[in-house]
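Beneath this line is the structure, given in structure tokens, with notes to follow.
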Amino acid sequence: MSMKILVPIKRVVDYNVKIRVKADNSAVELDNVKMSMNPFDEIAVEEAVRLKEAGVAVEVVVVTCGIAAAQDILRSALALGADRAILVEVDVAQSETLQPLAVAKLLKALVGQEQPGLVICGKQAIDDDANQTGQMLAALQGWPQATFASKVVIADGKATVTREVDGGLETLAVTLPAVISTDLRLNEPRYATLPNIMKAKKKPLNILTAASLGVDVAPRLITRSVNEPPKRTAGIRVGDVAQLVDKLKNEPKII
Amino acid sequence: MSILVIAEHDNATLKAGTRNTLSAALKLGITADILVAGYNCQPAARAAASLAGVNKVKVADAAHLADGFAENLASLVVSIAAGYSYILAPASTYGKNFMPRVAALLDVAQISEISAVVDANTFVRPIYAGNALATVESKDAVKVITVRTTSFDAAGDGGSAAIENVLSPADLGCTTLVERELSVSERPELGAAKIVVSGGRGLGNGENYQRVLAPLADKLGAALGASRAAVDAGFVPNDYQVGQTGKIVAPQLYIAVGISGAIQHLAGMKESKVIVAINKDADAPIFQVADYGLVGDLFELVPQLTAAL
């Protein structure tokens, strides 16, 4: 099989960072904050690379839609074993309002150019938590989808995917081409080795613009404000189990 | 301003989240229609018709809708979408799966996992795993919305809506079900449980985790959860994980046992109504969000708690 896999990835605030809302409540502060590849996308890259190593795919192409600085996560993906990278570059203002529908349309344009047999993406980005892009791309392409994947087997023109659904697991067989979105259990991404990080610097990274793909990236949702959630304050220390049980039974009347 | 709610059900009964989704819909209008799509799903349709605030139940009953595949479901919803200003579904794995397809096919944004309705076009939704709340205004004529069910009350009974059959578009035929293994646990689902008992690295190993926490969970009728540290250490499978990269939970009562309270974990549980923390380290960050903190040896305290309930 000579399948190409396209892996869309996103640059987000690192999952270990405690985020802060800007003083003017317009957005979450991104200045001087550590940024990384979205963890679910890292799982997607790993899965694609494993499929290539297993001989199921011949090429892994990673793509991100974002500002010039997003090249760093493309290089990280190349260091994990992707072959080639594409940046669909937008300016800072556009990147702040780039929404899943627009990204899905950009990816559709790229799918038209690259003709992958499979798209693997993270189930959601841990910044906007939208959980939409993969499904939207599948719909725009008229392709089947298998979201929240915890196991992927490719054979005979089909992907057999075990999905993490509420209350258990569900295994589907979908015809290819298709979109698969990754859940946490799919794999454990490798660490990039130093030689691979060096090699990644020489791998091709192509830069396109949203305009060159003919996609309108204007937002459909306007963010009116971003606020901190109501703060939880520390409650009380109870001295022993009897006191705890008394509180639970009598104060919040929870049990 | 017509509203359509997509019911989540197993053909026989409605899933609880359908009621909460209806409640969210009824903040946008006086009544809503409900779509029940499935196979031999008349019992679920009758249950939907008896909910308060329902105008009409639309039933699409076809073999190819039996398994709730996103492709067929989205094509059905789009086929009946004309005239609706709002289309809502629960933000469960069911709703999250097909609703973005509906939005893309209608060329509108999806507003994911709303936790409040501000006005006809404006909604609050958690971002960064609930560490911030965004207020967003939709510019689209049709609002495709998934609903964080823990943020809305369950709609009550008392309705007697008419049930109307609708035709379903043909099977797209791109997906087949191979297997479904739903957890046979007697315990409630982690994401929907009213009480969650969660364990961390402090339990030491998987055997201790089960021995100490299972009796407490059984007594409370609670779901079991875990911190990422406990999952990474192999105490329990990944689907137990509560946190930013695991499940986000908001139960009435969350009991954190031997969990230090990393940011990652707090992001997944701090919307719980009441938090109890049991930990031997009095300085553990979990105590900063706990309503009731108990410092001490969990191996003594948890069995005592189980016995005292």
Exercise. Which members of region A:181-207 meet the condition of being exposed (fewer than 14 other Cβ atoms within 10 Å of the Cβ), over 28 Å from residue A:145 (Cβ atoms) and under 22 Å from the mean Cα position of the chain (by Cα)?
Worked result: A:191, A:204, A:207
Seminar exercise, completed: Only one of (1) within 11 Å of chain A (Cβ to nearest Cβ); (2) buried (at least 23 other Cβ atoms within 10 Å of the Cβ); (3) not polar (S, T, N, Q) does not apply to residue B:67, and that is (2)
Problem set entry | Number of the condition not met by residue B:233 [criteria: (1) within 12 Å of chain A (Cβ to nearest Cβ); (2) modelled with pLDDT under 95] | (1)
Exercise. In region B:237-261, which residues are within 10 Å of chain A (Cβ to nearest Cβ), surrounded by fewer than 24 Cβ atoms within 10 Å (Cβ to Cβ) and in contact with a strand residue (DSSP E or B) (Cβ under 6 Å, 6 or more places away or on another chain)?
Worked result: B:253
For this session: Could you list, in sequence order, all residues of region B:131-151 that are touching a residue at least 12 places away in the same chain (Cβ under 8 Å) and within 14 Å of residue A:130 (Cβ to Cβ)?
Result: B:136, B:138, B:144, B:145, B:146, B:148
Exercise. What are the residue pairs meeting all of these: first residue in region B:187-214, first residue within 14 Å of chain A (Cβ to nearest Cβ) and without any contact (Cβ under 8 Å) to a residue 40 or more places away in the chain, second residue of a type in the set (Lys, Arg) and surrounded by 19 or more Cβ atoms within 10 Å (Cβ to Cβ), Cβ atoms under 6 Å, and 6 or more apart or on different chains?
Worked result: none
For this session: Starting from residues that are surrounded by 20 or more Cβ atoms within 10 Å (Cβ to Cβ) and at pLDDT 95 or above, keep the ones in region A:153-169 and report whichever is farthest from the other protein chains (Cβ to nearest Cβ).
Result: A:154
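To keep it simple, each residue is scored yes or no on (1) surrounded by 15 or more Cβ atoms within 10 Å (Cβ to Cβ); (2) assigned to a helix (DSSP H, G or I); (3) in contact (Cβ under 8 Å) with a residue 12 or more places away in the chain.
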site	(1), (2), (3)
A:18	no, no, no
A:32	no, no, no
A:36	yes, no, yes
A:41	yes, yes, yes
A:44	yes, yes, yes
A:49	yes, yes, yes
A:59	yes, no, yes
A:64	yes, no, yes
A:71	yes, yes, yes
Seminar exercise, completed: Flagged in region B:127-174 as among the hydrophobic types (A, V, I, L, M, F, W, C) and over 30 Å from residue A:13 (Cβ atoms), in numbering order, are B:141, B:142, B:154, B:155, B:161, B:162, B:163, B:166, B:167, B:170, B:172, B:174
Exercise. Considering region A:117-140 alone, what residues qualify as being among the polar types (S, T, N, Q) and more than 8 Å from chain B (Cβ to nearest Cβ)?
Worked result: A:124
Problem set entry | Test: residue A:185 is touching a residue at least 12 places away in the same chain (Cβ under 8 Å), among the basic types (Lys, Arg), more than 7 Å from chain B (Cβ to nearest Cβ) and closer than 21 Å to residue A:51 by Cα | no
For this session: From B:171, B:119, grab the single residue that is more than 23 Å from residue A:219 (Cβ to Cβ), more than 8 Å from chain A (Cβ to nearest Cβ) and surrounded by fewer than 24 Cβ atoms within 10 Å (Cβ to Cβ).
Result: B:171
Seminar exercise, completed: Per the filter on region B:134-158, residues within 7 Å of another protein chain (Cβ to nearest Cβ), within 30 Å of residue B:196 (Cβ to Cβ) and buried (at least 20 other Cβ atoms within 10 Å of the Cβ) are B:134, B:136
Exercise. Only one residue in B:298, B:266 is hydrophobic (A, V, I, L, M, F, W, C) and farther than 21 Å from residue B:190 by Cα, so which one is that?
Worked result: B:298
Problem set entry | Every residue from region A:112-126 that is out of contact with any helix residue (DSSP H, G or I) (no Cβ under 6 Å at 6 or more places or on another chain) and in contact (Cβ under 8 Å) with a residue 60 or more places away in the chain | A:114, A:115, A:116, A:117, A:118, A:119, A:124, A:125, A:126
Problem set entry | Number of the exception - residue B:84 against (1) in contact with a Leu (Cβ under 8 Å, 6 or more places away or on another chain); (2) of a type in the set (Ser, Thr, Tyr); (3) surrounded by 24 or more Cβ atoms within 10 Å (Cβ to Cβ) | (3)
For this session: Report, ordered by the first and then the second residue, all pairs with beta carbons closer than 8 Å, sequence separation of six or more or different chains, a first member in region B:282-309 that is facing chain A (nearest Cβ under 9 Å), and a second member that is surrounded by fewer than 21 Cβ atoms within 10 Å (Cβ to Cβ) and part of a helix (DSSP H, G or I).
Result: B:292/A:247; B:294/B:301; B:305/A:245; B:308/A:242; B:308/A:245; B:309/A:245; B:309/B:219
Problem set entry | Members of region A:95-108 found to be in a helix (DSSP H, G or I) and either within 14 Å of chain B (Cβ to nearest Cβ) or within 17 Å of residue A:180 (Cα to Cα) (or both), listed by number | A:96, A:100, A:101, A:102, A:103, A:104, A:105, A:106, A:107, A:108
For this session: Report whether or not residue A:125 is assigned to a loop (DSSP other than H, G, I, E, B) and either farther than 17 Å from residue B:138 by Cβ or within 14 Å of the chain's Cα centre (by Cα) (or both).
Result: yes
Exercise. Residue A:79: over 14 Å from the mean Cα position of the chain (by Cα) and within 24 Å of residue A:199 (Cβ to Cβ), yes or no?
Worked result: yes
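The values are calculated or read from the model by the stated rules, or taken from the named source; none is laboratory data. Small disclaimer: the values here were computed from a predicted structure and weren't measured. Ideal geometry is used to build each Cβ from the backbone, glycine not excepted, and the neighbour counts take in all protein chains shown.
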